[in-house]
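Enquirer: Below is a structure I'd like to ask you about.
The values are calculated or read from the model by the stated rules, or taken from the named source; none is laboratory data. Note that this is a predicted model, so its numbers are computed, not measured. Please note: Cβ atoms are built from the backbone with ideal geometry, for glycine as well, and neighbour counts cover all protein chains shown. In case anyone asks, the SASA skips ligands and DNA or RNA and just uses the protein heavy atoms, side chains included. Shrake-Rupley method; radii C 1.70, N 1.55, O 1.52, S 1.80 Å.
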Amino acid sequence: MNVRAPAILDHLAALADTTRSRILLLLDRRELTVSELCAIMQLPQSTVSRHLKALVDTGWIVARADGTSRLYTMTRDELDAPARRLWLLVREQVGPGAAAAQDQRRLHAALAARRSTSQEFFSSSAGQWDRVRDELFGDRFHLLALAALADPGWVIGDLGCGTGEISAALAPFVRRVVAVDGSAAMLAAAKKRLAGFGNVDLRRGELESLPIDDGRLNAAMLTLVLHHLPEPQKALAEAARVVAPGGRVLIVDMQPHDRDSYRQQMGHVWLGFAADQIRTMLIDSGFEEIRVVPLPPDPRAKGPGLFVAAGRRS
């Protein structure tokens, strides 16, 4: 009758070789490439690769691709309890040895070389970094990522949602977005843009009379919309009604300007808002802890300067 040997015997066989134990000491809580392990241990690549394969096959380490390289690390947290106890014993015995001590000194040098390579890049590219980053990743990735700061359980209102750009940025990170706009054409465009999201509720309605029940929102956003409204104070009062106590409001709009042509060309009712004006309207609507901050101008933008205003529902 064939009886399978206890798993601990496989673990003992894997750790019986001193080289494999040294490799595990290096890969415990960190990732290294084959070339880094060769340099640290001063062994040929064929030898290191052979031992890495044995450790992968017995479940002691895992590898992942990183470009054209492979990074190896120990799977200590995924080992069974007997294997973890065995490793602690082996580490206690092998760690103080002369070979392991030299490995640790060369490990620090290898990690320092990694940092040096990164520092050299930034030292040589500091003046061009913004351009390089924008070419690689675009100029809006960091702004889109900020939406992840929202609580995943929140319901956020995108009030005056237009074509749904803000809703699309928020939807991956929150429980639900309620997007409201008074224009059927804008909502049609938003519906196309948001077709891939199942947690966006598009509603037609006026901001001065929102189709949202009292206190249903954790936060409300009004982005470049207040200057279109004959009664912005009424819209902010409605925002206060639909935002739960302790919830937030965020407004982005234009600072005061003298471009009167905007009235005829784009239907603007207000030529921007002063900070004190916005602050007073928010306080009168039931918000507190008001902050109004001018946004840095985009050198490519042709419109007036913008501000962001934030407050908390009393």
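Enquirer: If the only charges are +1 at each Lys and Arg Cβ and -1 at each Asp and Glu Cβ, what is the size of the charge dipole of the chain around the Cα centre, to the nearest 20 debye?
Expert: 1020 debye
Enquirer: Same structure, new question: Can you give the local net charge around Leu207? Use residues other than it whose beta-carbon is closer than 12 angstrom to its beta-carbon, Lys and Arg +1, Asp and Glu -1.
Expert: That sum, taken over residues with Cβ under 12 Å, equals -2.
Enquirer: From largest accessible area down, sort Ser314, Ser167; use a 1.4 Å probe on the protein chains.
Expert: The ordering from most to least exposed comes out as Ser314, Ser167.
Enquirer: Cut-off 10 angstrom, C-alpha nodes, Gaussian network model of the chain. Which of Val225, Val155, Val293 fluctuates the most?
Expert: The residue that fluctuates most here is Val293.
Enquirer: GNM on the chain, C-alpha springs below 10 Å: top fluctuator among Leu187, Leu86, Leu250?
Expert: Leu86
Enquirer: Hey, if we sort His142, His268 by accessible area with the 1.4 Å probe, largest down, what's the order?
Expert: Solvent-accessible surface, decreasing: His142, His268.
Enquirer: Could you name the aspartates and glutamates in cross-link range of Lys191, using Cα to Cα under 19 Å and dropping any fewer than eight places away on the same chain?
Expert: Asp158, Glu165, Asp181, Asp201, Glu206
Enquirer: Counting each DSSP H run of 4 or more residues in the chain as -39500 (n - 2.57), what helix-only mean residue ellipticity at 222 nm follows after dividing by all residues, to the nearest 500 deg cm²/dmol?
Expert: -13500 deg cm²/dmol, from helical runs alone.
Enquirer: Moving to a separate point now. Over the stretch 203-314, what is the mean sequence separation of C-alpha contacts under 8 Å (at least six apart), divided by residue count, expressed as relative contact order in percent?
Expert: Relative contact order for the stretch 203-314 comes out at 28 percent.
Enquirer: Residues of the stretch 166-290: accessible area per residue at 1.4 Å, in Å²?
Expert: Per-residue accessible area for the stretch 166-290 comes out at 49 Å².
Enquirer: Taking amide H atoms as placed 1.01 Å from N in the peptide plane, list the residues 5 or more away in sequence, or in a different chain, whose amide H sits under 5 Å from that of Ala220.
Expert: Gly157, Arg248, Val249, Leu250
Enquirer: How much of the DSSP bridge set in the chain is antiparallel, in percent, rounded to the nearest 5?
Expert: 55 percent
Enquirer: Here's something else I'd like to know. How high is the relative contact order of the chain, given as a whole-number percent (alpha carbon pairs under 8 Å, six or more residues apart)?
Expert: 10 percent
Enquirer: For the chain, which whole percent of the accessible surface, found with a 1.4 angstrom probe, sits on carbon and sulfur atoms?
Expert: Carbon plus sulfur share of accessible area: 55 percent.
Enquirer: Another question about this same structure. Which of Leu27, Leu88, Leu107 ends up with the largest GNM mean-square fluctuation for the chain, with Cα atoms connected below 10 Å?
Expert: So, out of Leu27, Leu88, Leu107, the one fluctuating most is Leu88.
Enquirer: Okay, next question. Whole angstrom only: what separates the Cα centroid of the stretch 224-300 from the Cα centroid of the stretch 48-94?
Expert: The distance from the Cα centre of the stretch 224-300 to that of the stretch 48-94 comes to 58 Å.
Enquirer: Indicate the gyration tensor shape class of the stretch 3-55 (rounded, prolate or oblate), computed on the Cα atoms with a ≥ b ≥ c the square roots of the eigenvalues: a/c under 1.5 is rounded; otherwise a/b larger than b/c is prolate and the rest oblate.
Expert: Prolate is the answer for the stretch 3-55, as a/c is 1.5 or above and a/b outweighs b/c.
Enquirer: Now for a different question. Solvent-accessible area of Phe141, probe 1.4 Å, all protein chains present, reported in Å² to the nearest ten, please.
Expert: Near enough 80 Å² of accessible area.
Enquirer: Then there is this: Report the equivalent ellipsoid semi-axes for the chain in whole Å, largest first, defined as the square roots of five times the eigenvalues of the gyration tensor built from alpha carbon atoms.
Expert: So the three semi-axes of the chain are 59, 25, 17 Å.
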